[in-house]
Amino acid sequence: MFTRRALLGAAIAAPLLPTLTTGVAMAAEPAVFATDGVAINGYDPVAYFTQSMPVQGSAQITASHDGATFRFASEGNKAMFLAEPAKFAPQYGGYCAYAVSKGYTATTSPNAWTVHDGKLYLNFNRAVRGIWSRDIPGNVKKGDANWPSVLSA
């Protein structure tokens, strides 16, 4: 709950934000969301399609794609990925699909996922996935329009 003082402080600070951020160089986000260089927090992107669930990949079975390391649960999944990485890699570089539809990037959880029209979409968490799922086609259209320009926003 906001106090009157907090609301007043926000009202006073709001006009100053453009001044505070003017001239600050914002670093572009990498093309693939990765933690310590590992995409999808180490989960196997192919398993979302073949097993319909998130499956932890192995640190011994990896492949590089778009500057990130992807892990796989099996050599077979790795081979499938390498044959068609665009088919299996998460959309929007693994950033939150809902955030991208709104014009920004956010981290994702491997457990907040959807395969829609043969493509993998990840979300910040399951609650956000629920919001995103209310209009998947509309959010995909907005996300496609915003991607990849959101990386430099």
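Each reported figure results from applying straightforward, stated rules to the coordinates on display, with no laboratory input. Please read all numbers here as calculations on a predicted model, not as lab measurements. Note: ideal-geometry Cβ built from the backbone for every residue, glycine included; neighbour counts use all protein chains shown.
FRET efficiency for the pair Ala59 and Val115, taken as 1/(1 + (r/R0)^6) with r the Cβ-Cβ distance and R0 = 22 Å, rounds to 0.35.
Annotation note: trypsin sites (Lys or Arg not before Pro) in region 118-153 located in DSSP loop regions with a Cβ neighbour count of at most 13 within 10 Å are Arg134. In region 34-86, Rg over Rh equals 0.92, where Rg is the alpha-carbon radius of gyration and Rh the Kirkwood radius from pairwise Cα distances.
Over all pairs of different C-alpha atoms, region 71-153 has a mean inverse distance whose reciprocal, the Kirkwood radius, equals 13.0 Å.
Short-range pairs are left out: with C-alpha atoms under 8 Å and at least six residues apart, the relative contact order of region 79-153 is 34 percent.
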